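Written below as structure tokens is the structure these notes are about.
The values are calculated or read from the model by the stated rules, or taken from the named source; none is laboratory data. What you see is a predicted model, and the numbers here were worked out from it, not measured in a lab. Cβ atoms come from the backbone with ideal geometry, glycine included; neighbour counts cover every protein chain shown.
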Amino acid sequence: MKLSKTFDKALWVFHLNSGSCNGCDIEIVAAVTPRYDVERFGIKLVGSPRHADVLLFTGPVTRKMKNRVLRVYHQTPDPKVVMVIGNCGSTTGVFYDSYAIEGPIDTLLPEDAHIIYVNGCPVRPENIINGVKEAWLHLEELRGDNK
Amino acid sequence: MRNEGKDETTYEVPIGPIHPALKEPFLIKFKIDGERIVGAEAHPGMNHRGIEFMGMHRNPYKVIPLSERICGICSIVHQHMFVTAVEHAASIEPTNRARYIRVIMSELERIHSHVLWAGVAAHEIGFDTHLHFTWMIREKVMDLLEYITGNRVNYAMWTFGGVNRDIPKKMYPKIEATLKYYEELYGKLEEIFLGDPSIRLRTIGVGVLTKEEALNLCGVGPTVRASGVRKDVRIDQPYAAYGDLDIEYQLPSLYGYKDTGDVFSKTLVRLKELVQSIDIIRQCLDQIPNEDINSEPKMAATLNKLKKADGEGIGRIEAPRGEAFHYVRLKEGKEELDCWKVRASTYNNLATYAPMFMGEQIADIPIIAACIDPCIGCMDRAEIVDVNTGKRWEYEHEELQRLSVKKTEKLLGGLKR
């Protein structure tokens, strides 16, 4: 599929918490607010996965959230990139030996999902901005492949 | 109450569990009669990570970083409680300097948590300018926390018998500068949250919790202090260095307001606690003794002592959201914790939702849900099920927030006339 021209100007992100400790979630909001202000690049936090280009994913996927996470993933229109924010999202981190954890997320998503890992516990806002840039490049690459 | 088909006007509105912007997964089911809320039911568990189970399979030193990650906003609180509980169980005494450093860190966290809350509250009633303003000034205390500990969140500051890092004299000027910054800005915050006529219209008389209900439901922290309940662990059962410091219960009646227990008084209490925290940190910097920061610097020695210890201990702390505690039991010859129980303040405060929501409008859900400062809260997806036809509508969070904003505008319109 081909992405429209407007795509490389504005990137809309949807934040999905699957049982994280709130640290990364607060840092995501900190990245949106004036100190870091990613909105000046057109990156906007939206209220529905159906409006989003990128899923910001935090947390190690608790048992109760597993199906809801997958549902939100499938509700997001293609082409999409998943950004896994924080160590517990990418490896389940300190929660590795819990009975209530189903993650990490990359074992649950379809194999062709495009995933960008942003590490840190919690992730620093600078690193989130860097991750969004990576996602951006990835999406542009996707467009290049489909030309 | 989906099954009660006879009741023609009552709808069920589940809100949650996925919220796009600020909070953790959490589900509340509301029963709605027209625009009025007639029932509220909390369904937690989306964020259950089995922390206590994991803690019981690790040695106490490995549990400290885990306890920090119970919550990313109050990571200091959980560290503090866990370390205090283990020290209590194994009879380890922290040094006096460490006690003062613990107080300074706790109060810095209270500042960041209350400023954060003010922003969330402003966002929920439709003042995004204030959200951005408060989050901008919050960065200043985050900078200070990073300057002292090396990380913005999850500070790894606590250890058994003391703290990991000292606050040397050369750091004082920067701490003082930050405190001054907040003192100067406080007037503006007060003007916004207590003086602004539209915020007053949205908060006065909304989400009322009477003193009796607050006592019956065992609410904690600013949520019940706003109703006039004198409850603060820092004064009732002083821990760390709080016994040496001059602290007062922050009640609205102290400042010439009535202890009404509505959202306005909750805002007032939190703002006044900001000033109190600044004062406490100043007192600490004056009184802090010159000592070692850890009573037993060798980790192996402490670990050995913990292995031999046999007993139980509790840590009670006044978190920014209210009283919380950890219970720990150690068994002789066992390296792991024998038992670990965590009770966070939101757990108590959730019960206060029921009387606060009762009789309020759907548009008031966001601000009332935010007013207890829930550590798990979720306002994303509201679904309305018509009991008679089984037809469903969905409210996205944005829709809900739009309703809330619309109400503010409506009230403002009335104000102009």
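Scanning region B:270-280 turns up no residue that is touching a Pro at 6+ places or on another chain (Cβ under 8 Å), surrounded by fewer than 19 Cβ atoms within 10 Å (Cβ to Cβ) and part of a helix (DSSP H, G or I).
Taking the conditions exactly as written (within 14 Å of the chain's Cα centre (by Cα) and surrounded by fewer than 24 Cβ atoms within 10 Å (Cβ to Cβ)), does B:Ile73 satisfy them or not? Yes.
Answer yes or no as to whether A:Asn67 is within 13 Å of the chain's Cα centre (by Cα), free of Cβ contacts under 8 Å to residues at least 24 places away in the same chain and surrounded by fewer than 17 Cβ atoms within 10 Å (Cβ to Cβ). Spell out how you get there, then give the answer.
Numbers: within 13 Å of the chain's Cα centre (by Cα): no; free of Cβ contacts under 8 Å to residues at least 24 places away in the same chain: yes; surrounded by fewer than 17 Cβ atoms within 10 Å (Cβ to Cβ): yes.
Considered against the rule, which asks whether it is within 13 Å of the chain's Cα centre (by Cα), free of Cβ contacts under 8 Å to residues at least 24 places away in the same chain and surrounded by fewer than 17 Cβ atoms within 10 Å (Cβ to Cβ), A:Asn67 comes out as no.
Of everything in region B:186-203, what is within 23 Å of B:Ala363 (Cβ to Cβ) and surrounded by 14 or more Cβ atoms within 10 Å (Cβ to Cβ)? Give them in sequence order. Explain how you work it out, then say what you get.
First pass over region B:186-203, keeping only residues within 23 Å of B:Ala363 (Cβ to Cβ): B:192-203.
Listed by number, the residues that qualify are B:Ile192, B:Phe193, B:Leu194, B:Asp196, B:Ser198, B:Ile199, B:Arg200, B:Leu201, B:Arg202, B:Thr203.
Of everything listed in (1) touching a Lys or Arg at 6+ places or on another chain (Cβ under 6 Å); (2) without any contact (Cβ under 8 Å) to a residue 60 or more places away in the chain; (3) not aromatic (Phe, Trp, Tyr), the single unmet condition for B:Gly119 is (1).
Is it true that A:Ile28 is at the interface with chain B (Cβ under 10 Å from one of its Cβ atoms) and touching a Lys or Arg at 6+ places or on another chain (Cβ under 8 Å)?
On the way: at the interface with chain B (Cβ under 10 Å from one of its Cβ atoms): yes; touching a Lys or Arg at 6+ places or on another chain (Cβ under 8 Å): no.
When the stated conditions are applied, A:Ile28 does not pass them.
Total residues in region B:326-369 satisfying the condition of being closer than 30 Å to B:Phe264 by Cβ and either free of Cβ contacts under 8 Å to residues at least 12 places away in the same chain or within 16 Å of the chain's Cα centre (by Cα) (or both): the figure is 14. Taking the criterion of being under 30 Å from B:Lys407 (Cβ atoms) and β-branched (Val, Ile, Thr), the residues of region B:35-86 that qualify are B:Ile37, B:Val38, B:Ile73. Here B:Ile137 clears all of (1) over 22 Å from B:Ala369 (Cα atoms); (2) within 14 Å of chain A (Cβ to nearest Cβ); (3) part of a helix (DSSP H, G or I); (4) touching a residue at least 60 places away in the same chain (Cβ under 8 Å) except the condition numbered (4).
B:Gly313 passes every criterion in (1) in contact with a His (Cβ under 8 Å, 6 or more places away or on another chain); (2) assigned to a helix (DSSP H, G or I) apart from (2).
Here is a check on your reading of the model: is B:Cys371 modelled with pLDDT under 70 and buried (at least 23 other Cβ atoms within 10 Å of the Cβ)? Give the derivation first.
On the way: modelled with pLDDT under 70: no; buried (at least 23 other Cβ atoms within 10 Å of the Cβ): yes.
Spelling it out, it is not the case that B:Cys371 is modelled with pLDDT under 70 and buried (at least 23 other Cβ atoms within 10 Å of the Cβ).
Would you check if there is a residue in region B:146-157 being away from every other protein chain (no Cβ under 14 Å) and in a loop (DSSP other than H, G, I, E, B)? Within region B:146-157, one or more residues are away from every other protein chain (no Cβ under 14 Å) and in a loop (DSSP other than H, G, I, E, B).
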